[in-house]
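To start, the structure itself, in structure tokens.
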Ligand SMILES: [Zn+2]
């Protein structure tokens, strides 16, 4: 096997992105390079956008559970994070089925059934079999609420296929939500580490919405 500079030259010469000896050959290779790398770039951008969105949803759910519930055990956070991540699974589960022609229609599109009240009931019911249901409801509700603000969700699917929601800037909303959620989570962790919740004798860690307990 060739090694060093010789090996590099072999790879570059045979790669579609490598430069040719003539201008037309270079142009041809550049065109091929664009066509071959475009699906990779688009796929990467789609995956990275979905991953960013899922990460923000999880952060938001953790922050809300921390503020509303203040649980001392890890299970509520795990259940809430799962519930916050599940709705966007439609991009992985439904999209291949739609592309294969097994299902069709807006109900199976992104922000369809998995973002509806019915989807929420199913997700919370399933997760309540392995953990507390209230954090699951918070996780799912925070996801749907966030998506409601950033483009809309089909809240009443499958009965009503209308897209309900507002159109705040997706990127700005993600950035602001991430900043607030990370601040809340870090504040909660620091509070626990330095015992701020027990330092004041009369203060007890009650949730803001007592009825939600
Ligand atoms: Zn979503």
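Every number here is computed from the coordinates shown, using simple stated rules; none is lab data. Every value quoted in this text rests on a predicted model; they were computed, and no experiment measured them.
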P(r) weight above 19 Å for segment 93-156, C-alpha pairs, percent: 39
- prompt: Taking 0.36 nm per intervening residue step and subtracting the Cα-Cα distance, what contour gain separates residue 168 from residue 122 on full extension?
  reply: 13.8 nm
